[in-house]
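Undergrad: Got a structure for you, questions after.
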Amino acid sequence: MTAEASALPDFDLSTTYMGLPLRTPLVASSGPLTARIDSLRALEAAGVSAVVLPSLFEEQVEHEDIQAARLGDLGMDSNPEATSYFPDLADYESVADRYVRHLEEAKKALSIPVLASLNGETSGGWVRYARLLELAGADAIELNLYGLAADLDVTGREIEDEQVELVALVKASLSIPLAVKIGPHYSALGHMATRFIDAGADGLVLFNRFYQPDIDPRTRKVTPALELSSSSELRLPLRWTAILSGRVEASLAVTTGVHTGADVARCLLAGADVAMMTSALLHHGAEHVATVEREVVAWAQESGFDSVAQLKGSVSHDVGRLTAGNPLRGNVSEYDWFNTNFWVDLFPKLAQRVARNAKFTNDTDFVAKNWATLQTGFSYWIGLDGDGDGIPEGNPGEVKNTFDNIKLFGYDSYSASLALAGYQSMTRMAEASSRLW
């Protein structure tokens, strides 16, 4: 039985990632389990909504091609008639050939989106292999910006400019969505995120997990030291997802430290469109996907949510909000306009603040800038109206506003007055800007 058949039917798990409609936000990220067709089938049967294949590394392709060329040169001067010295290349399959074959077989075997992953060395290599993967049937491509900046003469700005240029070149060569998987070590990560998106990235994957080699003091040699992630590593991508959520025009994926349903819930609450798993699946097997899905559904229903769309980003501004006085804090969208505490007074305050700012500054663009936030906030807020009378009352068993830190039953004049003012503000802004709901 698949996770789809066993999931509770009254919670909508669907989401969208880079324009791709997905049944759930659970995605199997690049790893050993996506390198085999049998495990890919098992992942789909367990309920993943998409898979990311292991990365195709340009340097690996080039290295193998060089080795093949060297083999072809062996014995070529030994005897002009010794043609049997030359290796038979008729059945030779390069790294790139094997990757394309795996991609094609995955597309035939699965009914869910298959994303190819690419790590290049040269601009020509990035573009050449990206086109190759699109032609092989990839639904999207994930650029794996994995590299060590060890050249002491190269500045951070030079590296960043080169990466942005690569993203732009690859995007210009594709007709399918492009995600960029990045690490957390940029000096101004938020700014780099916007540069990647401006260059054409349709999604950002947070974060790349860099291998950290070790030294064996007994042998005095460098040794590999690969450790699987844990849920404790989720906090860093969670913070940056929250900071970027609602402020960038791109999908967001979290791919470090996602192990449980609670971890997936954290990702969604921070504003992620999907949560990607590798280490948890290596620990527990493909069937762990179904367990995580059940945990997410149970938590969401207990918390009063009806869909992923409703809960997504609902506490992002609490996690990622900039401090007062920060020069980047110029968008009212950064304020808390709804959350999971069933507070009913935050959204009307937001609507009034936007309307007031637009009225007294004559800045109609300010309304346009925040209209998507206002629509989402209004939809969440009106969902707190349990009896359908137009005045959201929140959850009777919870503190319903940020003013009275006690549980109230029935209506209070404070929340009801704010609700009426919120309706008026939304109506006037919609009329003034001629915006259709």
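Read the figures in this text as sums done on the coordinates, not as results from a lab. Being a predicted model, the structure only gives us computed values, none of them experimental. Positions of Cβ are generated from backbone atoms using ideal geometry, with glycine treated the same way; all protein chains shown enter the neighbour counts.
Undergrad: In nm, what is the difference between 0.36 nm times the number of residues separating residue 211 and residue 135 and their Cα-Cα distance? Before the final figure, lay out each step's value.
TA: Numbers: separation 76, 0.36 × 76 = 27.36 nm, distance 3.07 nm.
Value of the extension gain: 24.3 nm.
Undergrad: OK, next. Net charge near residue 191: determine it from the other residues with C-beta under 12 Å of the C-beta of residue 191, scoring Lys and Arg +1 and Asp and Glu -1. If you can, show how the numbers build up before the last one.
TA: Values: positive: 157, 195, 247; negative: 160, 198.
After counting each charged neighbour, the total is +1.
Undergrad: Another question, then. According to a simple spin-label model (label point 7 Å from Cα along Cα-to-Cβ), what is the distance in nm between residue 398 and residue 239?
TA: Modelled inter-label distance: 2.6 nm.
Undergrad: Something else now. Fully extended, how many nm does the chain gain between residue 191 and residue 172 (0.36 nm per residue separation, minus their Cα-Cα distance)?
TA: Numbers: separation 19, 0.36 × 19 = 6.84 nm, distance 2.15 nm.
Between residue 191 and residue 172, full extension yields 4.7 nm more.
Undergrad: Let me check the size of the stretch 218-291 from its C-alpha atoms; what are the radius of gyration and Dmax in Å?
TA: Expressed in Å, the Cα Rg and Dmax of the stretch 218-291 come to 15.0, 51.
Undergrad: Moving on to the next point. At q = 0.14, 0.24 Å⁻¹, what base-10 log of I(q)/I(0) does the Debye formula yield for the stretch 90-199 when every alpha carbon is treated as an equal point scatterer in vacuo?
TA: -0.62, -1.35
Undergrad: To continue, here is another question. Sort 400, 349, 312, 221 by Cβ crowding within 10 Å, fewest neighbours at the top.
TA: 221, 349, 312, 400
Undergrad: Let me ask another. Quick check: pseudo-label points 7 Å beyond the Cα along Cα→Cβ at residue 353 and residue 154, how many nm apart are they?
TA: Modelled inter-label distance: 4.3 nm.
Undergrad: Also, quick follow-up: Jot down the radius of gyration and Dmax of the stretch 168-254, Cα atoms only, both in angstrom.
TA: When restricted to Cα atoms, the stretch 168-254 yields Rg and Dmax of 16.5, 52 Å.
Undergrad: First select every other residue whose beta carbon is under 12 angstrom from the beta carbon of residue 173; then total the charges, Lys and Arg +1, Asp and Glu -1.
TA: +2
Undergrad: If you add up the charges near residue 352, with Lys and Arg at +1 and Asp and Glu at -1, over every other residue whose beta carbon is less than 12 angstrom from its beta carbon, what do you get?
TA: The answer is +4.
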